[in-house]
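The values are calculated or read from the model by the stated rules, or taken from the named source; none is laboratory data. Remember, predicted model here, so these are calculated numbers, not experimental data. All Cβ positions, even for glycine, are placed from backbone atoms using ideal geometry, and neighbour counts span all protein chains on display.
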Amino acid sequence: MPNVPSLADWPQSLERSGNAVALLASGLTEAEARWRPQPESWSALEIINHLADEESADFRTRFTLLIKAPQEAWPKIDPQGWARQRRYNARSLESSIERFLEERQASLRQLQAWPEPDWAVRHGSLSAADLIASWQAHDLLHLRQLAQLRYLYLEALGLNISYAGTWPGLVRPEETVS
């Protein structure tokens, strides 16, 4: 088993990345919050609502099951479908950020209340350590996505942002593969 930080270390890390997500999304105009670089891309508002639903229905739920009942089947999730069905892009940005932070706080309270788990316990190919690290990595992936959206939005306004420098490895929507 790789060197896994103590369970006591994860809530702080998840709290920091959750706050970073909220800070990066806060203050967006309604137009910027709903803007998509391509019709099939997600807006910042859709990303925030995705994170709130993933917090409650995916990571917190599945981590709990993995620790308490590793052989139990995990509930199905449909992140792409939820974005459309739940009309993420029609929601208020402020209330969406609040909901994400509330769900994150519920997760943190739960993690802080638990004893140190057996990090090697598995559900299929995932260990408890893999899942909690994936939870953190998921935040980081969406932080990158939000930063890229803000950068692409500035470009889409027609402003010359070349003075800022180039963004090596910037993923443009037309280059993404689903």
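As a summary of the residue check, residue 33 satisfies the conditions (1) of a type in the set (Gly, Ala, Ser); (2) touching a Leu at 6+ places or on another chain (Cβ under 6 Å); (3) within 27 Å of residue 11 (Cα to Cα) except for the one numbered (3).
Helices (runs of 4 or more DSSP H) fully within segment 74-178 that include at least 2 residues being touching a residue at least 60 places away in the same chain (Cβ under 8 Å) and more than 14 Å from residue 44 (Cα to Cα): 93-113, 128-156.
Taken together, the residues in segment 1-43 that are over 13 Å from the mean Cα position of the chain (by Cα), in a helix (DSSP H, G or I) and more than 26 Å from residue 128 (Cβ to Cβ) amount to 6.
Scanning segment 119-143 for residues that are exposed (fewer than 13 other Cβ atoms within 10 Å of the Cβ) and either touching a strand residue (DSSP E or B) at 6+ places or on another chain (Cβ under 7 Å) or over 19 Å from residue 56 (Cα atoms) (or both) turns up 120, 124, 125.
I'd like to check something: does segment 53-64 contain any residue that is under 18 Å from residue 140 (Cα atoms), among the polar types (S, T, N, Q) and either at pLDDT below 95 or surrounded by 12 or more Cβ atoms within 10 Å (Cβ to Cβ) (or both)? Don't jump to the end; show me each part of the working.
Just the residues of segment 53-64 that are under 18 Å from residue 140 (Cα atoms), to begin with: 53-56, 58-60.
Filter once more, so that each one left must be among the polar types (S, T, N, Q): 56.
The next check asks that each one be either at pLDDT below 95 or surrounded by 12 or more Cβ atoms within 10 Å (Cβ to Cβ) (or both); those that pass are 56.
Within segment 53-64, one or more residues are under 18 Å from residue 140 (Cα atoms), among the polar types (S, T, N, Q) and either at pLDDT below 95 or surrounded by 12 or more Cβ atoms within 10 Å (Cβ to Cβ) (or both).
What residue, among those in segment 92-116 that are of a type outside the set (Gly, Ala, Ser) and over 17 Å from the mean Cα position of the chain (by Cα), is surrounded by the fewest Cβ atoms within 10 Å (Cβ to Cβ)?
This residue is 115.
Confirm whether residue 109 is out of contact with any Pro (no Cβ under 8 Å at 6 or more places or on another chain), at pLDDT 95 or above and more than 15 Å from residue 59 (Cβ to Cβ). When the stated conditions are applied, residue 109 does not pass them.
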